[in-house]
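Trainee: My structure is below; once you've seen it, I'll send some questions.
The values are calculated or read from the model by the stated rules, or taken from the named source; none is laboratory data. This structure is a prediction, so every number in the text was calculated from the model and none was measured. Because the Cβ atoms are built from the backbone with ideal geometry, glycine has one as well, and the counts that use them run over all protein chains shown.
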Amino acid sequence: MSIIAEYGTVFLILACLFGFFMAWGVGANDVANAMGTSVGSGALTVKQAILIAILLEFTGAYLAGGSVTETIRKGIIDPSMPLLVENPNLLVYGMLASLLAAGTWLLVATHYGWPVSTTHSIVGAIVGFAAVGISPDAVSWGKVATIVASWVVSPLMSGLFAFLIFVSVQKLILDTENPFRNAKRYMPLYMFLVGFMMSMVTLIKGLKHIGMPLDFTESLVLSLVIGLLIMFIGQMALSKIKEDVQADKSFHFSSVEKVFGVMMIFTACSMAFAHGSNDVANAVGPLAAVVSVVHSGGEIVGKSTVPAWVLLLGAVGIVVGLATWGYKVMATIGSHITELTPSRGFAAELAAASTVVMASGTGLPISTTHTLVGAVLGVGLARGIGALNLRVISTIFMSWLITLPAGALLAIVFFHCLKLIFG
């Protein structure tokens, strides 16, 4: 306890710095989940994507990032362990080391343009410090196993959805005699699906902490209503879009892709809000744990209230990361895996959103990064294996495998450094 009392202020300052660093990494690496396909397909420019993401990621992170969060992230370690109760400073060292380790790994991954999971980065870091610094028994290995399983489940599920959605777009619209007329006929159905799925993502992942405790059924009903409303608005907007015969001469699907381009702006906005609200916890969870232990004089609780300034710090960190280095991973997802057009990007984003909704409803732990990369792969496969850049894909898969052990190793090193410094 004396260490907490003696160095409390120092721990708080370090927690804020490391938490901001981790949030910066979330913004720099993970923003591609929301914006990569929109930029790659040409629906948005990089500047437009960054401006939209800054506004909506910040709003999602600050307003819906959670007033109460599991500070011991994902229930991976048991806060009631006797060793932790007697030595709360070990938890403080561990959470500081985890933030610094995850942030460092995200810095490396973003530098090379690898889209990695920020959740897996922080989970790997917490597992590393807990297993080595406390005891292997302190780790809930069952939880870790389900997270590892999500490496396979997320991309496979979203890849299959994206493949099916894009094949349906090809059959109903693109490969027909009059693509533009068929786009006007079938687009309201896709608009309903977009409105429904994006509402589900936002309600399930984005609004659960702002005094709107909607259960799955309530979210489902409200999303159906929003989906029908968007279909109605979309149909009115579609009636005003005219076929550009001149543009269609140089590119047969020019008019059709314009319609999909408008849809993608909406999907990108919704995904940005939901992502900000969900993934800010990767940075503020461990930070809130340190704040809680220091303010309580050494008492450890599994859940604690997150002060508004902690959420603000996380939200600002995400925005700064996105504005400075967000373009690097955006380029990988948007153009390096496969060539994207608005119709392909739309299929990928709708598939990613559908996977997030299904996973949230069933309690399956997934990574938004793995989900979107899987969806882009699915769209590419719908055009044949030759449409995929296999070298880039193999590099991405390798970075996924490295993420958990890299976070763990770095956290172990930083944990022992902090232990040496503070005792």
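Trainee: Looking only at region 206-221, filter to residues that are modelled with pLDDT under 75 and surrounded by 12 or more Cβ atoms within 10 Å (Cβ to Cβ); which one of those is nearest to MET271 (Cα to Cα)?
Mentor: GLY206
Trainee: Quick one: THR371 ticks every box in (1) closer than 21 Å to MET198 by Cβ; (2) surrounded by fewer than 19 Cβ atoms within 10 Å (Cβ to Cβ); (3) among the hydroxyl-bearing types (Ser, Thr, Tyr) bar one, so which box is it?
Mentor: (2)
Trainee: Also: Enumerate the pairs (first residue in region 306-330 and farther than 13 Å from LEU56 by Cα; second residue anywhere and at pLDDT 90 or above and not in a helix (DSSP H, G or I)) with beta-carbon separation below 7 Å, excluding pairs fewer than 6 apart on the same chain, so at least 6 apart or on different chains.
Mentor: LYS328/GLY113; VAL329/GLY113; VAL329/PRO115
Trainee: Return yes or no: is THR202 modelled with pLDDT under 80, of a type outside the set (Phe, Trp, Tyr) and either in a helix (DSSP H, G or I) or at negative phi (or both)?
Mentor: Yes: the conditions hold for THR202.
Trainee: What are the pairs, 6+ residues apart or on separate chains, where a residue within region 355-369 that is hydrophobic (A, V, I, L, M, F, W, C) has its Cβ under 7 Å from a residue that is modelled with pLDDT under 70 and assigned to a helix (DSSP H, G or I)?
Mentor: Listed pairs, sorted by first residue: VAL356/LYS205.
Trainee: In this structure, is ILE265 assigned to a helix (DSSP H, G or I) and buried (at least 23 other Cβ atoms within 10 Å of the Cβ)?
Mentor: Against the criterion (assigned to a helix (DSSP H, G or I) and buried (at least 23 other Cβ atoms within 10 Å of the Cβ)), ILE265 does not qualify.
Trainee: Further, regarding this structure: Considering only region 385-403, how many residues are over 20 Å from the mean Cα position of the chain (by Cα) and surrounded by fewer than 14 Cβ atoms within 10 Å (Cβ to Cβ)?
Mentor: Final tally of qualifying residues: 5.
Trainee: A further question follows. Can you name every residue in region 368-391 that is assigned to a helix (DSSP H, G or I) and either farther than 21 Å from TRP151 by Cα or in contact with a strand residue (DSSP E or B) (Cβ under 9 Å, 6 or more places away or on another chain) (or both)?
Mentor: Those that are assigned to a helix (DSSP H, G or I) and either farther than 21 Å from TRP151 by Cα or in contact with a strand residue (DSSP E or B) (Cβ under 9 Å, 6 or more places away or on another chain) (or both): VAL376, LEU377, VAL379, GLY380, LEU381, ILE385, GLY386, ALA387.
Trainee: Counting only residues that are crowded, with 21+ Cβ neighbours inside 10 Å, polar (S, T, N, Q) and over 16 Å from the mean Cα position of the chain (by Cα), how many does region 1-58 have?
Mentor: 1
Trainee: Got at least one residue in region 27-37 being at pLDDT below 90 and farther than 14 Å from GLY276 by Cβ?
Mentor: Yes: region 27-37 contains one or more residues that are at pLDDT below 90 and farther than 14 Å from GLY276 by Cβ.
Trainee: ALA347 passes all but one of (1) within 20 Å of HIS120 (Cβ to Cβ); (2) surrounded by 24 or more Cβ atoms within 10 Å (Cβ to Cβ); which number fails?
Mentor: (1)
Trainee: While we're on this one: Here is a check on your reading of the model: is ILE241 outside any helix (DSSP H, G or I), surrounded by 13 or more Cβ atoms within 10 Å (Cβ to Cβ) and touching a helix residue (DSSP H, G or I) at 6+ places or on another chain (Cβ under 7 Å)?
Mentor: For ILE241, the condition - outside any helix (DSSP H, G or I), surrounded by 13 or more Cβ atoms within 10 Å (Cβ to Cβ) and touching a helix residue (DSSP H, G or I) at 6+ places or on another chain (Cβ under 7 Å) - is met.
Trainee: Within region 133-145, how many residues are part of a helix (DSSP H, G or I) and either among the basic types (Lys, Arg) or surrounded by fewer than 16 Cβ atoms within 10 Å (Cβ to Cβ) (or both)?
Mentor: Counting residues in region 133-145 that are part of a helix (DSSP H, G or I) and either among the basic types (Lys, Arg) or surrounded by fewer than 16 Cβ atoms within 10 Å (Cβ to Cβ) (or both) gives 6.
Trainee: With the structure loaded, tell me whether SER292 is out of contact with any helix residue (DSSP H, G or I) (no Cβ under 7 Å at 6 or more places or on another chain) and among the hydroxyl-bearing types (Ser, Thr, Tyr) or whether it fails that test.
Mentor: On the way: out of contact with any helix residue (DSSP H, G or I) (no Cβ under 7 Å at 6 or more places or on another chain): yes; among the hydroxyl-bearing types (Ser, Thr, Tyr): yes.
Spelling it out, SER292 is indeed out of contact with any helix residue (DSSP H, G or I) (no Cβ under 7 Å at 6 or more places or on another chain) and among the hydroxyl-bearing types (Ser, Thr, Tyr).
Trainee: Go through (1) crowded, with 20+ Cβ neighbours inside 10 Å; (2) over 22 Å from the mean Cα position of the chain (by Cα); (3) polar (S, T, N, Q) and name the single condition SER277 misses.
Mentor: Of the numbered conditions (1) crowded, with 20+ Cβ neighbours inside 10 Å; (2) over 22 Å from the mean Cα position of the chain (by Cα); (3) polar (S, T, N, Q), the odd one out for SER277 is (2).
Trainee: So, one more: How many of the residues in region 165-183 are under 32 Å from the mean Cα position of the chain (by Cα) and touching a residue at least 24 places away in the same chain (Cβ under 8 Å)?
Mentor: Adding up the residues that qualify gives 8.
Trainee: For the condition modelled with pLDDT under 90 and buried (at least 24 other Cβ atoms within 10 Å of the Cβ), what is the one hit in THR119, THR69?
Mentor: Matching residue, one of THR119, THR69: THR119.
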